[in-house]
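Below is one structure, written out as structure tokens, with a few remarks after it.
The values are calculated or read from the model by the stated rules, or taken from the named source; none is laboratory data. Everything numeric here is computed off the predicted structure, so don't read it as measured data. So basically every Cβ, Gly included, is an ideal-geometry build from the backbone, and we count neighbours across all protein chains shown. Heavy atoms of the whole protein, side chains included, go into the accessibility calculation; ligands, DNA and RNA do not. Shrake-Rupley method; radii C 1.70, N 1.55, O 1.52, S 1.80 Å.
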Amino acid sequence: MEFKGLIRENLSDCKIHFYNDAGDDQRGINLLLAGEFEEDQRYQSQRNFQKQYIISLIGLENKTSYLFAGMFKVTGINENKPGQPFYGDCKWVYDTEELTEYEHLVGRLIVRPKRIIGRSVYRLAENIADDLEIVEYSPQAFNSSKVKGLSSIEEMHNEFNDELKKAFELESATLVEKSKSYPNKPASINTIVSVFKRNPYVTAIVLKNANGVCGNCNRTAPFKRKKDGSPYLEVHHRKTLANGGDDTVENCIALCPNCHREMHYG
């Protein structure tokens, strides 16, 4: 079946969001696994094509294929306000509702464009749907048993977060010692995309040292995490891991979402 055959809504009412992140940590995949992709997608710098529906695709390795991340109905568009996430970088906030009839495709359907898409962009569905071919559909979300010898992104993500949670309970001196057990050049582990097995103790040290304040603009974190109430800052590698940077405290800085995006896109 062609990709456009999966979409029940009229393609003239849809736009497709090709989410490509220039960072080193597969941000889109991590957001999807954490259940935070829709919230992040709501904030946009422009009012791209006023369509009723958004088809979301997250770029995988080398951006030659994309993972289906959901189908969303736009219920409203408002101007972003001071104090809201990404203010100054993203002017508009989209109110969206995920369409439940497409949930079975999320994290399972992979499509490939016939031509290179480039950075994160929106395209009119009616103009590009014919260029999207289905590469694979898995009845279950990706896991290590799917492809022998490979670790799943979800396993990597959960393992890192479990270790990070434990790390926050340790004294600073213990954190420093444990961080030395990881190599400065993190191992690259093959998955459906190539990700780095990052040091959770380095992340914990950087976030603790930041104490809720962005290391670039010196402002307090714009909001707190729903799951634990901690200040929301993102750890950025000054020299990216993809370009040979070290996974060390010295090479990392805690940034608010605005500054983090500026580092990658500004």
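Between beta-carbons, use under 14 Å as the cut-off and find the net charge around Pro82, counting Lys and Arg +1, Asp and Glu -1. Before the final figure, lay out the partial values.
Details: positive: Lys81, Lys91, Arg219; negative: Glu79, Asp89.
Its environment carries a net charge of +1.
What lysines sit close enough to Lys15 to cross-link, taking a C-alpha to C-alpha distance under 21 Å and skipping anything fewer than 8 places away on the same chain?
Lys4, Lys51, Lys63, Lys73, Lys91, Lys114
How many nm is it between the label spots at Glu101 and His264, if each spot is 7 Å from the Cα in line with the beta carbon?
In this crude spin-label approximation the distance works out to 3.3 nm.
Kindly sort Met71, Met263 by accessible area of their heavy atoms, largest first, with the probe set to 1.4 Å.
Values: Met71 0, Met263 90 Å².
Solvent-accessible surface, decreasing: Met263, Met71.
State whether segment 194-245 is rounded, prolate or oblate according to the following rule on the C-alpha gyration tensor (a ≥ b ≥ c being the square roots of its eigenvalues): a/c under 1.5 gives rounded; otherwise a/b larger than b/c gives prolate, and the remaining case gives oblate.
It comes out prolate by the Cα gyration axes.
So how far apart, in nm, are the two label points at Glu39 and Lys227 if each is 7 Å from Cα heading toward Cβ?
So the two model labels end up 1.0 nm from each other.
Explain nothing, just compute: Karplus ³J(HN,Hα) = 6.51 cos²θ - 1.76 cosθ + 1.60, θ = phi - 60°, for every residue of segment 215-220 in order, whole Hz, x for Gly and Pro.
x, 9, 9, 6, 9, 5
Which stretch or stretches of segment 55-93 have amide N atoms under 14 Å from the point lying 7 Å from Thr220's Cα along the Cα→Cβ direction?
Once the point is set 7 Å along Cα→Cβ of Thr220, 83-84 turn out to lie under 14 Å by backbone N, inside segment 55-93.
Can you classify segment 81-127 as rounded, prolate or oblate using the Cα gyration tensor, where a ≥ b ≥ c are the square roots of its eigenvalues, rounded means a/c under 1.5, and otherwise it's prolate if a/b beats b/c and oblate if not? Before the final figure, lay out each step's value.
On the way: a/c = 2.52, a/b = 1.45, b/c = 1.74.
Verdict is oblate for segment 81-127.
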